[in-house]
Structure formats: C-alpha cells, structure tokens
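Peer 1: I have a structure here, written as structure tokens, and I will follow up with some questions on it.
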C-alpha cells in the first residue's frame, strides 16, 4: 500500500510465478504500480509459453527420430518411445525456459525510452541471435506436426517409389549373376539344349505319325513310328549319358542358382524394410517444405521468431517506471551497505568512452590498514636497530679490546 488513495492489488501465486519467469523482483513488484505487475507477468507468460512449446516440439522431434520405422500410413504408436519422448520433452522445455529466462532477464531497458537506438540494438544482437536459433528449433517439429496428414501421404508415395527402384536394381543385379553362372557352363548347356530340342522334335514327329497328321503316312504304330520311337529312346539315352558325364558340373550350377535365388528373395524382402526406413525427421522437414511451400513455411517460422524475440524488443522499448527506480534504489542500497561507491561517467578511456569509477571502500580500508601495519612495523624495526646500536657502542666504550678480540675470533671460525 502506497497511501490511503492508492493500493496495489494483491498478486496471485500465478502472477508471482510469471514475475519470476520474467526475471523480475517479486519484492519490488508487490510495491510498485499495477501496470508494472502486468508488464512483467506478460513477459513471464511469453517465456513460459515458449518453454512449453519447446517441450512439446522437442518431445515430438525425439519421438519422430527414435520411433520404429514402418509404413507412413500405417504407423502405430510405440509406447516405450512415447515415455522417453515425454522425459526428453520435459528436459528440453526446462532448458529452453531457462535460456529464455536468462535472455529476458539479461536484456536491460536501454536508454529508458520507447525508441530503440542503434547502440541498444547492437548490444542486443547476441541475445537476438540466440532467440532466432531457439525459435527455428521449436518451429520445425511443430511445422511437420501441423502438416502431418499431407506429409504422411507424400512420404508413403516416396516409400513406394524407393521400394520399386530398389526392386528393379536388385532384380537386375541377380539376373546378371545368374547369367554369369549360365555362361560358366558354356558349351555343355548348349549341347544339352540341342539334345533336348531333338528329343522334342522326335516326340512331335512320333505323335504326328500315330495320329496320321504327317503327309503320306497312315495313322497307327507303323514302321516309321517305331523307328521314331527308337530314335527317341536313343536320344534320351544320349541325354542321360551326357548328364551323367557332366552331373557334377550341372549340380554345382543348379546349387549356385538356388543360392542366388534364395539370396534374391531375401534382398527383395529387405527392400521393403529399407523403403520404410525413409521416415526420419529430416525427410519429413523436406517434405513439409514441399507441401507447405516457401511462404507458409516462412510464415510459421516468422511467427515463432516473433514470439521468441518479442520480450527482447519489448524490454528495449520500455520506458522507466517506478519499478525501475525502485530497482536502482535497491542496487544503490546494496552497494552502500557493502561499501561500494560508483562515480558515473568519471573518466574517459583511450577510445574516448566515458567509464564509471568503482570504489570498494571496505577493500580500500583493508588495504589502508595493511599499509599502515607495514609502516609501523618498519618504524619499530628501525627503532630496535638504533637501540641495539647504542647498546653496542656502550660496550665498546667500556672495553674496546674485548670487542676487537671477539671480532677476530669470529673471523677465524669462519
């Protein structure tokens, strides 16, 4: 309460928490105007909201990165990954909240006017850069969540395209390997095929003779049919002998073909898994840019930049209020109680910039005491030496020969 005419409303616990989030001093804000209380609670609300959005964004990004890969359209929720994403989201949100709190608290009032000068802006550049980085890191995961349906459809199409492309390459690769196996047999396979073709022709001629389809031949098992039947038997025996002689080579070739075909089936089955692996965070961000377009993506990013950077520019535009004067008085009292004196714009440095002179009176007092103690010690030491000198002179005056004798004895011992 200031007086009987004006009474500051009692702040709620939520408002006090928002003051703390904005880096304000609750003790002073309870004793200042209501407008100051609202300003700092709004600042704290922005900082808190940014931390909350960062937590949600970070948790979703974590889940997108570490969830089991699958079809873009049929992708069930993985519970264990959800719990890990929640833990990471809380950690990430608290970290961004703390960074934003530091950025806002470290941003001063500038010159105390609504105008943002170049010197004020130049001093705030490091904080603005940090704010931009934070805003972009928050906006991208939220952006891919906003366009999830469109991204899933486009991603599914890409997965099918990748799978087809892999299948073509895989099939071509294994067909080439099969050709190599067939080429290894060389003339053997050609001879074998020639015998088989001759058997087929003889069997066809034999069937035509039996059915009476051949010109000038009566249907039935006549001499020609019997001769063809004998030829067929002879050719089959020739094929059996040929295969028997080259049995090992044909078995090795067949075994290798089967191994290649089995390997081909495995490779084709893994192609689907490879295609489903095309479901990472980076790929979704790329598709989000394709789906949303440049302007929508830019607008979303600018929106988060505005939310993140508003407190910085807002503080630079604030004029001095009772809270600021109370804060200055608090700082002066703390300095005074601790023996610190600041003489503002006391001298110019080599670059012509006015600097403050900081005097630490308690430290100066300690230094002064140490200097005086040293001076007194020196004075007492001089006095003791002079007294000792006078005492020795008296002894010499009484008996000079003893003094000379003692000096010579000391020299011989040395």
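Peer 1: Which of the residues belonging to region 265-289 are part of a helix (DSSP H, G or I), in contact with a helix residue (DSSP H, G or I) (Cβ under 8 Å, 6 or more places away or on another chain) and modelled with pLDDT under 80?
Peer 2: Narrowing region 265-289 to residues part of a helix (DSSP H, G or I): 265-276, 281-289.
Pick out the ones that are also in contact with a helix residue (DSSP H, G or I) (Cβ under 8 Å, 6 or more places away or on another chain) and you get 267-268, 271-272, 274-276, 281, 283-285, 287-289.
Across region 265-289, the qualifying residues are 267, 268, 271, 272, 274, 275, 276, 281.
Peer 1: Another question about this same structure. Which of the residues that make up region 116-155 are touching a residue at least 24 places away in the same chain (Cβ under 8 Å) and over 26 Å from the mean Cα position of the chain (by Cα)?
Peer 2: Scanning region 116-155 gives 116, 120, 121, 153.
Peer 1: Shifting gears a bit: Are any residues in region 70-95 at pLDDT below 90 and surrounded by 15 or more Cβ atoms within 10 Å (Cβ to Cβ), and if so, which ones?
Peer 2: Listed by number, the residues that qualify are 70, 71, 72, 75, 78, 81.
Peer 1: Can you name every residue in region 115-152 that is over 22 Å from residue 303 (Cα atoms) and surrounded by 14 or more Cβ atoms within 10 Å (Cβ to Cβ)?
Peer 2: Across region 115-152, the qualifying residues are 120, 123, 152.
Peer 1: Where residues in region 96-114 are surrounded by fewer than 15 Cβ atoms within 10 Å (Cβ to Cβ) and at pLDDT below 75, which of them is nearest to the chain's Cα centre (by Cα)?
Peer 2: 108
Peer 1: Which of (1) touching a helix residue (DSSP H, G or I) at 6+ places or on another chain (Cβ under 8 Å); (2) assigned to a helix (DSSP H, G or I); (3) modelled with pLDDT of 80 or more is the odd one out, the single condition residue 403 does not satisfy?
Peer 2: Checking residue 403 against (1) touching a helix residue (DSSP H, G or I) at 6+ places or on another chain (Cβ under 8 Å); (2) assigned to a helix (DSSP H, G or I); (3) modelled with pLDDT of 80 or more, the one that fails is (3).
The values are calculated or read from the model by the stated rules, or taken from the named source; none is laboratory data. Everything numeric here is computed off the predicted structure, so don't read it as measured data. Virtual Cβ from ideal backbone geometry, glycine too; neighbours counted across all protein chains shown.
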